[in-house]
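J.: Sharing a structure here in structure tokens format.
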Amino acid sequence: MHELPSLPYAFDALEPHIDAQTMQIHHGKHHATYVTKLNDALKDHPDLQGKSLEDLLRGIAAVPEGIRNAVKNHGGGHANHSLFWKTMGPGGGGAPSGPLGDAINGAFGSFDAFKEKLTTTATNVFGSGWGWLVLRDGKLEVTGKPNQDSPWMEGAAPLLGVDVWEHAYYLRYQNRRPDYLSAWWSTIHWAEVEQQYLRARG
């Protein structure tokens, strides 16, 4: 059984950038629903229940067709949000240093260029979805994905994602997605993102 991970900080810890009520609803309602529906989709498939989220999503083509869409949506939602909470935190922001900082500078030219590219990509996701920094074939990339599609499904390792579903920001920012994205950069816990990078790089 997949479980809803605990939020690693208080609901109001990301104020003023992300408000406590949004965090409560986003974690306790939206993410919790993805977990419940993923478990429901897998209930008659014990061979899939023991798989990690990563393995389940990497092997999405092998998931039975009758539950594939549910696993894609709810498994993706569970995986995406689990990473989202970990890569944010109080006192975040700034720019990464160390191996991740070097890799970002090498891939995009500078941190500012990377920041602009991810912001633009996330802003331009049509409807609901995510903006992502991923590692694919040893190279950093920025990509946008619709709905709860996980980069794992395309063989890329997600390192940092920003949720641009309206439920992630509407209470405070209404339709002002660019304002939310500008604020989100001040929440990023770069030490965790670097851990994701080092793990994916191997």
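The values are calculated or read from the model by the stated rules, or taken from the named source; none is laboratory data. Bear in mind that the values here come from a model prediction, so they are computed numbers and not experimental data. Glycine gets a Cβ as well: all are built from the backbone with ideal geometry, and neighbour counts include every protein chain shown.
J.: If we scan the stretch 176-186, do we find a residue that is under 22 Å from ALA79 (Cα atoms), surrounded by fewer than 19 Cβ atoms within 10 Å (Cβ to Cβ) and not assigned by TED's automatic domain parsing to the domain that holds GLY77?
T.: yes
J.: Something else about it: Residue under question is PRO90, and the condition is that it be more than 19 Å from the chain's Cα centre (by Cα) and farther than 20 Å from VAL142 by Cβ; does it hold?
T.: no
J.: Looking for whichever is among the aliphatic types (A, V, I, L, M), without any contact (Cβ under 8 Å) to a residue 60 or more places away in the chain, farther than 20 Å from TYR197 by Cα and not assigned by TED's automatic domain parsing to the domain that holds VAL35 here; the options are VAL134, VAL164. Which one fits?
T.: VAL164
J.: If you don't mind, there's one more thing I want to ask. Tally the residues that are over 19 Å from ARG199 (Cα atoms) and touching a residue at least 60 places away in the same chain (Cβ under 8 Å), restricting the search to the stretch 100-126.
T.: Within the stretch 100-126, residues that are over 19 Å from ARG199 (Cα atoms) and touching a residue at least 60 places away in the same chain (Cβ under 8 Å) number 2.
J.: Exactly one of (1) surrounded by fewer than 22 Cβ atoms within 10 Å (Cβ to Cβ); (2) not assigned by TED's automatic domain parsing to the domain that holds ALA168 is unmet by ASP102. Its number?
T.: Among (1) surrounded by fewer than 22 Cβ atoms within 10 Å (Cβ to Cβ); (2) not assigned by TED's automatic domain parsing to the domain that holds ALA168, the lone unmet condition for ASP102 is (2).
J.: Shifting gears a bit: Restricting attention to the stretch 144-161, and to residues there that are over 21 Å from GLU194 (Cβ atoms) and in contact with a Lys or Arg (Cβ under 9 Å, 6 or more places away or on another chain), which single residue is surrounded by the fewest Cβ atoms within 10 Å (Cβ to Cβ)?
T.: Ranking the qualifying residues of the stretch 144-161, first place goes to GLY155.
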